[in-house]
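Q: First, the structure itself, so that you have it in front of you.
Values in this text are rule-based calculations from the coordinates and carry no lab data. These numbers were taken from a predicted model, which means no experiment stands behind them. Note that each Cβ is placed from the backbone with ideal geometry, even for glycine, and that neighbours are counted across all protein chains shown.
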Amino acid sequence: MSFRLFGLEWNSRWKTLSIYEKFEQLIVSILTWIIAVIVAVATWQLILHTVSMIRSHLLDPRDSQAFQSLFGMVLTLLIALEFKHSLMVVLHRQRNVVQTRSVILIALLAIVRRFIVLDLYQTGPSTVAALAGAALALGIVFWLVRSQEYPDVMGEGQKTNLPS
């Protein structure tokens, strides 16, 4: 008996997996479905929130709070989608584990989201400095991990075509 899930033929693959790999694939499949439901619900909430703001004329270009709220919701969706994408890579067996680069990218997106929804009038300078330091550190680690994966980037001015 063969079945398809996420565009994969599971019967032929399932036979070759160890017990732990089967367990891992099952957990990743469940997490992927859960995140897909969360993304669908969050997208629906974003649509409803945006429509209600437009109807009540609260979407004023001069109101930074409204835009912070909307962009915070959008970035939350992007974080969830990136997390789901990193799980899909594992599910399709392109990688055995979630890549470090994906985890760092998700953390960077979370910090960017925090910066966008941050109220600078209510936040102390030490918090802003800590977030900036964390973003800088994650950016450096992301660059180092990427340069490990693509060593030609560190070459002497050589032109390379990096995958996006």
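Q: Expected output is a single nm value to one decimal: the length gained when fully extending between Lys15 and Ile47, i.e. 0.36 nm times separation in residues minus the C-alpha distance. What is it?
A: Working: separation 32, 0.36 × 32 = 11.52 nm, distance 4.29 nm.
My answer for the length gained is 7.2 nm.
Q: While we're on this one: For the pair Glu24/Ala137, report the inter-label distance in nm, with labels modelled 7 Å from Cα in the Cβ direction.
A: The answer from the label model is 2.9 nm.
Q: Taking the Cβ of each residue in Val37, Val89 as the centre, tally the other Cβ atoms inside 10 Å and list the residues starting with the fewest.
A: Values: Val37 10, Val89 16.
Sorted ascending by nearby Cβ count, the order is Val37, Val89.
Q: Now, a different point. So what J values fall out for the stretch 104-119 if you push phi through Karplus, 6.51 cos²θ - 1.76 cosθ + 1.60 with θ = phi - 60°, rounded to Hz, Gly and Pro as x?
A: Karplus-based 3J(HN,Hα) across the stretch 104-119 equals 5, 4, 5, 5, 4, 4, 5, 5, 4, 4, 4, 4, 5, 8, 5, 8 Hz.
Q: Provide the gained length on full extension for the span Leu144 to Ile34, in nm with one decimal, where the gain is 0.36 nm per separating residue minus the Cα-Cα distance.
A: Roughly 36.4 nm would be gained on extension.
Q: What are the ³J(HN,Hα) values, in whole Hz, obtained from phi via the Karplus relation 6.51 cos²θ - 1.76 cosθ + 1.60 with θ = phi - 60°, for each residue of the stretch 136-142 in sequence order, with x given for Gly and Pro?
A: 5, 4, 5, x, 5, 5, 4
Q: How much length would be gained if the chain were fully extended between Ala66 and Leu120, taking 0.36 nm per residue of separation minus their Cα-Cα distance, in nm to one decimal?
A: Value of the extension gain: 17.9 nm.
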